[in-house]
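Chemist: Structure provided below as C-alpha cells; questions to follow.
Nothing in this text is a laboratory measurement; each read-out follows from the coordinates by a stated rule. Because the structure is predicted, anything quoted here is derived from the model rather than measured. Virtual Cβ from ideal backbone geometry, glycine too; neighbours counted across all protein chains shown.
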Amino acid sequence: MPNVPLFLIRTSLLQLAPLEAVLFDVDGTLCDTDPLHYDAFREMLQEIGFNGGVPIDEEYFIANIAGKHNEDIASILFPDNHERGVKFLEDKEAMFRRIVKDKIEPVKGLYKLKKWIEDRGLKRAAVTNAPKENAELMISLLGLSDFFKVVILGSDCEHAKPYPDPYLKALEILKVSKEHTCIFEDSVSGIKAGVAAGVKTFGLTTRNPAELLMQAKPSLLIKDYEDSKLWSVLDELDKKAKA
C-alpha cells in the first residue's frame, strides 16, 4: 500500500474487534471468473460487429465491464438501444453459466478463511451485482450454499454497486454494525460500494491491477486469502478479542 505504513493500516483494521460479520462479493472474490466473463463478452461482441468487429481487449473490459451491474453495462455497450443491451446481457449470462460449470476455481485460501469464519461463529453474506441465477450457481458449485444464509443482489436494491445500498442492506439483514464488519472485494466498483457504506474493505488483486484498485481506497490490498498480510490482521483481531 503506497504512502501508508503497514503498521498504521493494521492499527486501523484492529478497530474491527470484536469482528461480527464478513461480507463477500462473488465474481472474482470467491472465484476467479473474470477470464470467463471476458471471453464470453469478447466472443459475443465480436459476433455482432461491436467496435467495427475489432475484439475488445482486457483494458476495455476492466474499465467498462468488470464489477458493474448488467443494467449499467447495457447502457455502456448499447447507449442508443438499452433494450438490445439488456437482451444481449441475458444471452451472455446464459453462455457464462454453460461454461462456468467445468471451469470454476475458488480463490486461493478461500476454504481456509471459511473455516476461520465458521470457527468464530461470525455472520456472513454474499453481496453481488451478478444476476441471481449466476450467483446461486457459483455459490453452489463452490459448496458454499450452507455457508451463505444471506445473498444480496444489486438488483434487489434501489442502486447496485458502486452505490453502498447492497452492503447497507446486508448490514441491516444481518443486524450487525458497520464498525465491526469487513468486506472482501476485487473490483473498483465493489470497493467503492464498501467504502461508501463505511465498512473496512479488503481489495483482492485477483485480476484488476493494484494501482487501479487503490483509486477506490480499500483498507488493505491482498493477493488472495493466503496472503500473510491478511492473516497478520486476523491473528491480531483474535488476540484483541480474547483480551
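Chemist: Helix 110-119 versus the longest principal axis of the chain: what angle, 0 to 90°, nearest 10, using Cα atoms?
Modeler: 40 degrees
Chemist: Sort out for me the Cα centre separation of the range 139-180 from the range 87-118, rounded to whole Å.
Modeler: Centre-to-centre distance over Cα atoms comes out at 16 Å.
Chemist: Another one. For the residue pair K149 and E172, what label-to-label distance in nm results when each label sits 7 Å from Cα along the Cα-to-beta-carbon direction?
Modeler: In this crude spin-label approximation the distance works out to 1.9 nm.
Chemist: A follow-up question, please. Which of the aspartates and glutamates could a cross-linker bridge to K217, judged by Cα under 16 Å and excluding same-chain residues fewer than eight apart?
Modeler: E185, D186
Chemist: Any idea what the dipole of the range 1-134 comes to, in debye rounded to 20, about its Cα centre with Lys/Arg Cβ at +1 and Asp/Glu Cβ at -1?
Modeler: Details: 18 positive and 23 negative charges, 165 e Å.
Here the range 1-134 has a charge dipole of around 800 debye.
Chemist: Now, a different point. Which links in K68/K192; K115/K178; K115/K149; K178/K239 stretch past 18 Å when you go from one Cα to the other? Intermediate results must be reported in sequence, preceding the final value.
Modeler: Details: K68/K192 11 Å; K115/K178 22 Å; K115/K149 16 Å; K178/K239 21 Å.
The answer is K115/K178; K178/K239.
Chemist: What do you get for the angle between helix 165-174 and the principal long axis of the chain? Use alpha-carbon atoms, 0 to 90 degrees, nearest ten.
Modeler: 40 degrees
Chemist: OK, next. Treating only the Cβ atoms of Lys and Arg (+1) and Asp and Glu (-1) as charged, compute the dipole magnitude of the chain about its Cα centre; round to the nearest 20 debye.
Modeler: Working: 32 positive and 39 negative charges, 215 e Å.
It comes to approximately 1040 debye.
Chemist: Can you give the FRET efficiency to the nearest 0.05 for E90 and W116, using r as the Cβ-Cβ distance and R₀ = 45 Å?
Modeler: Approximately 0.75, to the nearest 0.05.
Chemist: Would you mind working out the magnitude of the charge dipole of the range 34-100 relative to its Cα centre, with +1 at each Lys and Arg C-beta and -1 at each Asp and Glu C-beta, to the nearest 20 Debye?
Modeler: Working: 7 positive and 14 negative charges, 36 e Å.
Dipole magnitude for the range 34-100 comes out near 180 debye.
Chemist: Now for a separate question. How do S187, S155 rank when sorted from fewest to most other Cβ atoms within 10 Å of their own Cβ? Walk me through the intermediate numbers first.
Modeler: Details: S187 29, S155 15.
By the 10 Å Cβ count, ascending: S155, S187.
Chemist: Cα axis of helix 132-141 to longest principal axis of the chain: angle in degrees, 0 to 90, nearest 10?
Modeler: Rounded to the nearest ten degrees, it is 60.
Chemist: List, in the order given, every pair from K87/K169; K87/K200; K108/K200; K108/K240 whose Cα-Cα distance in the structure shown is over 24 Å.
Modeler: Details: K87/K169 28 Å; K87/K200 36 Å; K108/K200 21 Å; K108/K240 26 Å.
K87/K169; K87/K200; K108/K240, as the Cα separations exceed 24 Å there.
Chemist: Select from N70, Q15, A170 the residue farthest towards the positive end of the dipole of the chain; place +1 on Cβ of Lys and Arg, -1 on Cβ of Asp and Glu, and compute about the Cα centre.
Modeler: Q15
Chemist: GluC sites (Glu not before Pro), restricted to the range 1-103: which are DSSP loop and have at most 13 other Cβ atoms within 10 Å? Could the numbers behind the result be given before it?
Modeler: Details: sites: E20, E43, E47, E58, E59, E71, E83, E90, E93; in loops: E20.
Sites meeting the loop and neighbour criteria: none at all.
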